[in-house]
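The values are calculated or read from the model by the stated rules, or taken from the named source; none is laboratory data. The shown structure was predicted, so the numbers you read here are calculated from the model rather than taken from an experiment. With ideal geometry, Cβ positions are generated from the backbone for all residues, glycine too; neighbour counts draw on all protein chains shown. Heavy atoms of the whole protein, side chains included, go into the accessibility calculation; ligands, DNA and RNA do not. Shrake-Rupley method; radii C 1.70, N 1.55, O 1.52, S 1.80 Å.
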Amino acid sequence: MKRLHRPLACLVAVLLLLAAVPAPAAPIAHREVLPNGIVLLVAERPGVPIVAVRVFMRAGAAFEPTDHDGLANLTGALLTRGTAKRTGPELDSAIEFVGGSLEAGAGRDGLTASLSILKRDLTLGLDLLGEVMLSPTFPTQELTRKAAQIQAAIKRSEEDPGTVAGRALTRLVFPNHPYGKPVEGTIESVGKLTRDDVESFYRTHVRPDTAIVAVVGDITVDEARREILKRFGGWTPPAPPAPSVSPAPGGAPPRSETITKDLTQATILLGRQAVRQVDPDYFPLAVGSYILGGGSASRLYGRVRDEGGLAYAVFSYVSPGRYGAAFTVSAQTRTAETAKVVDILRAELGRMTRDRVQDDELKLAKDYLIGSFPLRLDTTAKVADFVIAIEEQGLGLDYADRYRASIAKVTAADVQRVAQKFFVPDTFNQVVVGAAK
């Protein structure tokens with residue numbers, strides 16, 4: 001075989017080496033900061049006719065004043081119920097006429113307005129979105145109606161044992177922190193909210209210097225920038241600095257609570273604080289959680305449901321937020337089996353801390369977490385929600401690739417190490433709904 005000329009041989013060697021190196025993680029969207037502080041994220045999807053737009057602000061329940069539980073939720077619900085140009089029914093008619101959707105609502109960390117519309121009708125959609133965000137009128141009649149609807153929904157939810165258990169567990173996991181209170185508020189707190197409360201919350205927290213705008217679909221970066229600046233470029237931030245929220249403090253002793261209801265089955269929740277996605281331990285925690293209770297092949301499913309026939313449902317999951325994260329184990333069982341199921345849940349948590357997981361368990365968990373990830377990004381709406389979330393959480397726009405790479409690198413030793421931090425049974429708060437003490 002003819003030998004390559006030395007410089008050419010060196011070049012070939014370099015190219016082969018570069019080919020063996022994984023490509024750097026690619027950003028999922030273009031990012032820039034507009035002059036008034038808005039973070040603009042644009043994910044070009046040529047040929048996809050539906051454009052999804054999200055406007056997110058740090059105006060969630062975590063920012064509510066004391067004794068105003070449910071204020072962010074009510075404010076979000078009222079954004080689309082009237083503007084300086086149109087009434088709520090007129091907004092509904094305009095967006096429905098072109099087959100689009102325009103909604104708004106609040107969660108723990110933020111308030112979001114969401115638009116999905118065909119590219120050909122984007123001008124109208126953005127006009128409506130601009131009205132909703134910049135000139136809501138919060139009509140008193142709409143406020144009264146929405147507050148009554150929220151109160152009715154809260155009352156109905158009090159009959160659902162899962163919701164009751166979740167609210168109680170959240171209060172135990174995040175004591176003395178805004179995360180510990182329900183986003184929707186209580187029947188009593190919502191009944192006390194006034195139009196002045198809503199206007200004050202809107203003026204304080206709905207502001208461009210904490211806003212993130214995501215645009216996803218058949219639109220270029222230049223087009224998106226031009227259209228967003230046209231509607232939001234004149235939006236100026238208030239003089240006072242944006243309010244902030246402290247991270248959830250840890251270290252509170254775990255507590256147990258039983259809420260007795262006349263039911264034939266019991267809902268069991270175990271929960272504690274965990275870590276956010278910015279912590280490297282999040283990835284082995286996610287893998288460990290899946291092995292413990294992530295699906296029909298999980299340990300809890302096999303032992304509690306398949307072997308013992310003791311539970312209707314059993315699973316575990318990690319729920320991160322900007323100011324704190326939780327790790328939860330959940331089960332539903334016959335009331336008479338409550339104590340037995342609780343013992344099994346705690347025993348399996350303890351086993352995760354003592355024994356390394358098996359290779360087949362580890363592979364199954366990692367394959368599922370990596371393989372299912374694209375399903376989070378299979379529509380423009382999901383991509384818009386995703387880029388908003390990773391920007392708000394400070395994860396970086398290359399997070400989709402880094403997530404898969406980080407999960408792939410998790411070892412059995414990593415899972416055991418993290419389990420020894422977050423799976424210790426005695427560190428979990430416990431809530432049981434439906435069983436007598």
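With labels modelled as points extended 7 Å from the Cα through the Cβ direction, what inter-label distance (nm, one decimal) is found for D343 paired with D426?
The two pseudo-label positions are separated by 1.9 nm.
Using amide H atoms built 1.01 Å from N in the peptide plane, name the residues 5+ places from G82, or on other chains, whose amide H lies under 5 Å from its own.
G88, T137
Can you give me the C-alpha center-to-center distance between the stretch 274-302 and the stretch 360-414, rounded to a whole angstrom?
13
Using a 1.4 Å probe, how large is the accessible area of E158, given in Å² and rounded to the nearest 10?
Looks like 80 Å² after rounding.
Bin width 5 Å, alpha-carbon pairs only: give the P(r) of the stretch 256-434 as whole percents, running from 0 to the bin holding the largest distance.
Per 5 Å bin, starting at 0, the Cα pair percentages come out as 1, 8, 16, 19, 19, 15, 11, 7, 3, 0.
What 222 nm value per residue comes from the helices of the chain, counting each DSSP H run with n ≥ 4 as -39,500 (n - 2.57) and dividing by all residues, nearest 500 deg cm²/dmol?
It lands at -13000 deg cm²/dmol.
Report ³J(HN,Hα) in whole Hz for each residue of the stretch 154-161, in order, from the Karplus equation J = 6.51 cos²θ - 1.76 cosθ + 1.60 where θ = phi - 60°; Gly and Pro get x.
Values, residue by residue: 4, 4, 5, 5, 5, 8, 9, x Hz.
Considering Cα pairs under 8 angstrom that are at least six residues apart, work out the relative contact order of the stretch 37-232 and quote it in whole percent.
42
Starting at the first residue of the stretch 201-213, write each ³J(HN,Hα) from the Karplus equation 6.51 cos²θ - 1.76 cosθ + 1.60 with θ = phi - 60°, in whole Hz, x for Gly and Pro.
Karplus-based 3J(HN,Hα) across the stretch 201-213 equals 5, 4, 5, 7, 10, 8, 8, x, 6, 10, 8, 10, 10 Hz.
Can you give the FRET efficiency to the nearest 0.05 for R351 and K155, using r as the Cβ-Cβ distance and R₀ = 56 Å?
0.85
Could you sort H68, H177 by their accessible area in this structure, using a 1.4 Å probe and putting the largest first?
H68, H177
Each residue of the stretch 169-184 in order: what ³J(HN,Hα) in whole Hz does its phi give by Karplus 6.51 cos²θ - 1.76 cosθ + 1.60, θ = phi - 60°, with x for Gly and Pro?
With coefficients 6.51, -1.76 and 1.60, one gets 5, 4, 5, 6, 6, 10, x, 6, 9, x, 5, x, 10, x, 4, 6 Hz.
So what is the accessible area of the stretch 256-434 per residue, in Å², with the probe set to 1.4 Å?
Per-residue accessible area for the stretch 256-434 comes out at 42 Å².
Any idea what % of Cα-Cα pairs in the stretch 196-317 are farther than 24 Å?
It works out to 63 percent of all Cα pairs.
Which of the three applies to the stretch 137-178, rounded, prolate or oblate, going by the alpha-carbon gyration tensor with a ≥ b ≥ c and a/c under 1.5 meaning rounded?
oblate
Mind giving me the FRET efficiency for N176 and K382? R0 is 35 Å, r the Cβ-Cβ distance, nearest 0.05 is fine.
Computed FRET efficiency for N176 and K382: 0.50.
From the Cα gyration tensor of the chain, with a ≥ b ≥ c the square roots of its eigenvalues, which class applies: rounded if a/c is under 1.5, or else prolate if a/b is larger than b/c, or else oblate?
oblate
I need to check one value: relative contact order of the stretch 355-437, counting alpha carbon pairs closer than 8 Å and at least 6 residues apart, in percent.
42
Hey, could you pull the Cα Rg and Dmax for the stretch 45-188, both in Å?
When restricted to the Cα atoms of the stretch 45-188, Rg and Dmax are 17.0, 49 Å.
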